[in-house]
1. To make sure I understand, if each residue's beta carbon is the centre and we count other beta carbons within 10 Å, what order do 121, 138 fall in, fewest to most?
2. Ranked by Cβ crowding within 10 angstrom, fewest neighbours first, how are 68, 117 ordered?
3. Going by how many other beta carbons lie within 10 Å of each one, how would you line up 80, 115, fewest first?
4. Along its three principal axes, how long is the chain when you only count alpha carbons? Whole Å, largest extent first please.
5. At 222 nm, what helix-only mean residue ellipticity would the chain give, in deg cm²/dmol to the nearest 500, using -39500 (n - 2.57) for each DSSP H run of four or more?
6. Apply 1/(1 + (r/R0)^6) to the Cβ-Cβ distance of residue 86 and residue 115, taking R0 = 22 Å, and write down the FRET efficiency to the nearest 0.05.
7. Evaluate the distance, in nm, between pseudo-label points positioned 7 Å from the Cα of residue 129 and of residue 15 along their respective Cα→Cβ axes.
8. Relative contact order of region 46-209, please, whole-number percent, based on alpha carbon pairs below 8 angstrom and at least 6 residues apart.
């Protein structure tokens, strides 16, 4: 397998950023709850709530693309690079699913997606440059927090919104798998202050994306 030059890597990273932010992602797996993708039975309040929550989830997937792209670029071993790329492919499914669901709900993605992507990419670069064990540890903590966040959304999504609930449930399962794989690969546990900082940053992002 040929090794890409730094210029090739930069071009690939830019291409991924454009595809992610422009909404050009395509899923490799069928959308969970596909039969329920229409929302004919949702009252206006429930539809708005589902749209806001799925917009937040879509932002999370935009950030995941940026994080994994940056961590793959800075990985020191081929094994860790492949692990990041595999996780990114599954996150691409999530990105496409949440975008599809937003459209079905008559809602829109966050207007700040380019900002979220750029910030997450910078964080991913920092995590990757710290070394593979720390990068994997960052992946574990990120996915554990996302898993917790998705569990909260399953509690908040309207019970009749079967399509959104099916998507979020599958996403939660995938995120747990990414964390478990990173742990098995030798992830280093992150210090508590860094975990708290990550929670704080995630709170700012999710609160803002709920509305913007």
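1. On the way: 121 22, 138 25.
With the fewest neighbours first, 121, 138 line up as 121, 138.
2. Numbers: 68 28, 117 22.
Ordered by Cβ neighbours within 10 Å, fewest first: 117, 68.
3. Details: 80 23, 115 15.
Fewest-to-most ranking of 80, 115: 115, 80.
4. Dimensions of the chain along the principal axes of its Cα atoms: 50, 36, 27 Å.
5. Working: 7 runs with 158 residues, N = 212.
My calculation for the chain gives -26000 deg cm²/dmol from helical runs alone.
6. Details: r = 27 Å, r/R0 = 1.22.
With R0 = 22 Å, the Cβ-Cβ based efficiency is 0.25.
7. 2.5
8. Values: 196 pairs, mean separation 49.0, N = 164.
After rounding, I find 30 percent.
No lab work stands behind these numbers, since they all come straight from the coordinates. This structure is a prediction, so every number in the text was calculated from the model and none was measured. For neighbour counting, all protein chains shown are included, and Cβ atoms are generated from backbone atoms with ideal geometry for every residue, glycine included.
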